[in-house]
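Derivation of every value follows stated rules applied to the coordinates shown; laboratory data play no part. Computed from a predicted model, the values in this text were never measured in an experiment. Reconstructed Cβ throughout: ideal geometry from the backbone, glycine too, with neighbour counts over all protein chains shown.
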Ligand code: CP3
């Protein structure tokens with residue numbers, strides 16, 4: 001059991017370190033502080049896995065875009081990419097990410113031996129949506145329009161992101177993570193035909209390369225909120241574990257996937273905010289649907305800042321109860 005965004009603003013000890021660090025990226029690039037906030041939820045809740053504290057947008061940073069996080073309004077990337085800039089992009093400058101690998105080494109040496117250690121990156125489609133849009137967006141109009149208007153440039157951007165993700169995840173594995181999660185948070189917005197092209201193919205290429213070059217590394221894929229497209233995804237992408245968003249039905253997915261597939265998810269982060277009977281009922285449903293199959297308990301998306309700590313404690317008790 002672990003929770004996406006388990007190191008974050010719902011924890012007072014995180015807010016304290018975050019205030020000391022200055023900007024969000026300063027926190028990501030201060031090995032000692034990034035290690036400290038990675039370990040905080042492990043100390044407090046004893047989760048089975050730690051996830052590296054960083055962000056998917058360090059990859060655009062290492063590709064030369066300026067990335068900032070405005071308080072209250074999310075990430076900003078500049079200049080937004082146009083077609084001509086894309087042809088000058090890459091390869092990724094991994095030395096800009098040295099502080100991340102240093103943090104991984106510090107975390108690895110401090111983690112209890114029974115705690116798994118997960119690294120991550122964003123999937124090309126999700127990362128591209130920020131590189132092209134310049135900020136978060138509800139409907140991803142900018143990147144969807146760009147993919148239609150400039151297919152060659154977009155394909156080249158996706159190629160650069162595939163190669164960058166492979167090198168970045170391999171370097172994380174070398175520094176000490178045992179598993180990686182590939183976050184395709186905005187995969188669910190793609191129409192079926194483009195889903196194969198912009199989600200399945202790029203992620204499959206990353207996973208194939210990792211399989212070949214880091215055979216012991218465990219891989220979790222998270223194509224979020226893709227519903228019935230999940231089958232097509234799992235037939236092509238050879239990950240060890242498939243993470244579900246909040247909308248998929250675990251029993252339906254289980255009945256359709258090859259047996260032996262491990263699933264992760266899919267508690268609604270709002271049920272965790274609600275707590276009490278709503279949380280109890282949601283956890284009961286998830287445990288019942290897994291019914292003895294191997295699974296990793298998690299949320300269907302990241303934990304929200306307003307989540308009460310007492311509810312996370314309640315969740316840990318519920319998940320661990322017989
Ligand atoms: O899970 C963890 O604890 C590890 C750390 C982690 C962060 N971001 C820290 C973070 C991980 C795995 C991510 C992934 C990430 N980042 C995703 C994919 C997962 C998802 O949530 O869909 C995406 C889309 C991003 C991009 C991003 N970073 C956004 C949109 C934001 C702003 C949203 C917000 O909550 O403010 C961030 C900032 C961010 N990344 C925070 C944290 C803890 C909050 C910033 C802060 O502390 O000021």
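By the beta-carbon count within 10 Å of each Cβ, the least crowded to most crowded order of 263, 169, fewest first, is 263, 169.
By count of other Cβ within 10 Å, fewest leading, how are 1, 145, 158 ordered?
145, 1, 158
Alpha carbon centre of segment 101-123 versus segment 1-80: separation in Å? Their Cα centres are 14 Å away from one another. Under the criterion of Cα pairs below 8 Å and six or more residues apart, the relative contact order for segment 12-320 equals 13 percent.
Does segment 191-322 come out rounded, prolate or oblate, given a ≥ b ≥ c as the square roots of the eigenvalues of its C-alpha gyration tensor, rounded meaning a/c under 1.5 and, failing that, prolate meaning a/b above b/c? Prolate shape, in that a/c is at least 1.5 and a/b is the bigger ratio.
Separation of segment 250-322 and segment 131-198, taken as the distance between their Cα centroids, equals 27 angstrom.
The sum of -39500 (n - 2.57) across all DSSP H runs of n ≥ 4, divided by the residue count of the chain, sets its helix-only mean residue ellipticity at 222 nm to -14500 deg cm²/dmol. With the biggest extent put first, the Cα atoms of the chain measure 57, 47, 38 Å across the principal axes.
Can you give the FRET efficiency for residue 105 and residue 277, using 1/(1 + (r/R0)^6), R0 = 35 Å, r = Cβ-Cβ distance, to the nearest 0.05?
Numbers: r = 44 Å, r/R0 = 1.25.
Taking R0 as 35 Å, the efficiency between residue 105 and residue 277 is 0.20.
Rounded if a/c is under 1.5, else prolate if a/b is larger than b/c, else oblate: which is segment 64-139, with a ≥ b ≥ c the root eigenvalues of its Cα gyration tensor? Prolate is the answer for segment 64-139, as a/c is 1.5 or above and a/b outweighs b/c. With no solvent and one point on each alpha carbon, what is the Debye value of log10 I(q)/I(0) for segment 92-243 at q = 0.11, 0.15 Å⁻¹? The Cα Debye sum returns log10 ratios of -0.43, -0.78. Sorting 264-277, 87-100 by their mean Cβ neighbour count within 10 Å, with the most densely packed peptide first, gives 264-277, 87-100.
Rounded if a/c is under 1.5, else prolate if a/b is larger than b/c, else oblate: which is segment 125-166, with a ≥ b ≥ c the root eigenvalues of its Cα gyration tensor? Taking the square roots of the gyration eigenvalues as a ≥ b ≥ c, segment 125-166 is oblate.
Fully extending the segment from residue 285 to residue 252 would add 10.5 nm, taking 0.36 nm per residue of separation and subtracting the current Cα-Cα distance. From least to most packed, judged by other beta carbons within 10 angstrom and beginning with the fewest, 161, 210 follow the order 210, 161.
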